[in-house]
Amino acid sequence: MERVGTIEAKRLRKGGGVLYGGGVRIDQILARPDPVFSFEFFPPKTDAGREALVGTIDELRPLDPAYVSVTYGAMGSNRGQVIEIVSEIKNRIGIEAMAHLTCVGHTREELSSVLDDLASVGIENVLALRGDPPPGTDFQATRGGFAHAADLVALIRKRGGFCIGGAAYPEVHPDAPDAETDLGHLRAKVGAGTDFLVSQLFFDNQDYFSFLTQVRQAGIEVPVLPGIMPVTNLGQVKRFTDMCGAALPADLLRALEEAGDDEAAVLEIGVEHALQQCRDLLKGGAPGVHFYTLNKSASTREILTRLRADD
């Protein structure tokens with residue numbers, strides 16, 4: 001049976017799509033002096049959702065993002081879809097793409113196969129993650145698979161051909177017993193070959209800067225891109241923060257609660273808070289900003305447009 005990536009490559013060739021020119025590694029992008037701005041999306045579950053996602057990416061394209069990343073579903077359930085979407089983003093839309101890859105539900109051989117699929121469509125950037133188990137369950141390594149992201153990083157590094165990103169948690173990974181243990185895992189992940197890190201979302205910049213100080217003191221020197229998620233819905237952001245262990249500052253929470261069901265007011269509050277975060281982060285020396293878009297463009301487009309106007 002042909003791999004999904006190979007099938008997609010043939011489809012693009014037949015359809016006259018743009019194919020597999022030299023890509024750009026994200027570590028090379030981060031070595032440049034200008035701030036790096038990137039967007040994260042998740043694969044939609046329906047054809048209509050996919051069309052909407054492509055529309056969102058097209059709306060953000062004029063902002064010239066350095067790259068776009070696409071998340072990976074639980075247990076690898078949307079493996080083929082992720083490969084097709086990152087291929088479309090890079091080879092048809094023309095934006096550099098990074099695919100997420102997780103240990104959850106995969107053996108070593110299956111992970112190697114996914115890497116082959118990604119390489120077959122010209123993807124050179126991978127975010128290596130342990131991954132989250134299905135809701136309501138604890139993480140269990142798949143037999144023949146990996147228990148830690150560092151193991152996946154080592155597999156990718158040994159294979160070669162990829163720039164490897166990793167996740168970092170300014171407010172500590174929810175499964176880690178303490179910050180010291182979490183930092184030890186991060187050091188192991190970078191030691192295995194991680195080229196750069198992207199932080200989990202946070203709403204207080206002091207969490208990022210304090211974390212960065214700890215990272216540097218631990219001897220970790222790779223770039224750490226801060227991850228920012230503009231608030232568009234209070235209930236939604238509460239669910240996200242509960243899952244990842246991030247905290248909402250009291251003043252932001254109070255403003256959102258006072259806005260209530262006024263969607264326009266909530267959107268404005270979210271944009272203004274995220275914009276100020278981005279400005280302060282860049283002023284403080286952050287290498288750029290990674291936006292968690294939730295597959296929507298309005299807030300991110302507004303923030304990045306105003307950031308570029310600051311130059």
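Values for this structure:
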item	result
Among D195, D117, D261, residue whose mean-square fluctuation peaks in a GNM of the chain (springs only between Cα atoms under 10 Å)	D261
Given charges at Cβ of Lys, Arg, Asp, Glu: the chain dipole, positive-most of G245, L225, I164	I164
Residues listed by number, the range 172-201, amide nitrogen under 14 Å from T213 label point at 7 Å toward C-beta	none
Relative contact order computed over the chain (Cα-Cα under 8 Å; 6+ residues apart), in percent	19
Under 20 Å from K45, Cα to Cα: aspartates and glutamates that are on another chain or at least 8 residues apart	E8, D58, E84, E88, D132
For the range 44-150, size of Cβ-based charge dipole, Lys and Arg +1, Asp and Glu -1, in debye	240
Given the chain, longest segment not containing exposed loop GluC sites (Glu not before Pro) (DSSP; at most 11 other Cβ within 10 Å)	3-220
For the chain, with +1 on Lys and Arg beta carbons and -1 on Asp and Glu, the positive-most of I89, L111, L101 along the dipole	L111
Sparsely packed chymotrypsin sites (Phe, Trp or Tyr not before Pro) within the range 136-190, loop by DSSP, other Cβ within 10 Å at most 15	F139
Size of electric dipole in the chain: Cβ of Lys, Arg +1 and of Asp, Glu -1, about Cα centre, debye, nearest 20	1320
Which listed pairs, of K90/K189; K158/K189; K238/K296, have C-alpha distances above 20 Å, in listed order	K90/K189
Charged-residue dipole, Cβ positions (Lys, Arg, Asp, Glu), the range 162-235 about Cα centre, Debye nearest 20	220
Of A259, L275, F291, farthest towards positive along the dipole that unit charges on Lys, Arg, Asp, Glu beta carbons give the range 245-311	F291
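Bear in mind that the values in this text are calculations on the coordinates, not laboratory data. Note that the structure is predicted; figures quoted are calculated from it, not measured. For neighbour counting, all protein chains shown are included, and Cβ atoms are generated from backbone atoms with ideal geometry for every residue, glycine included.
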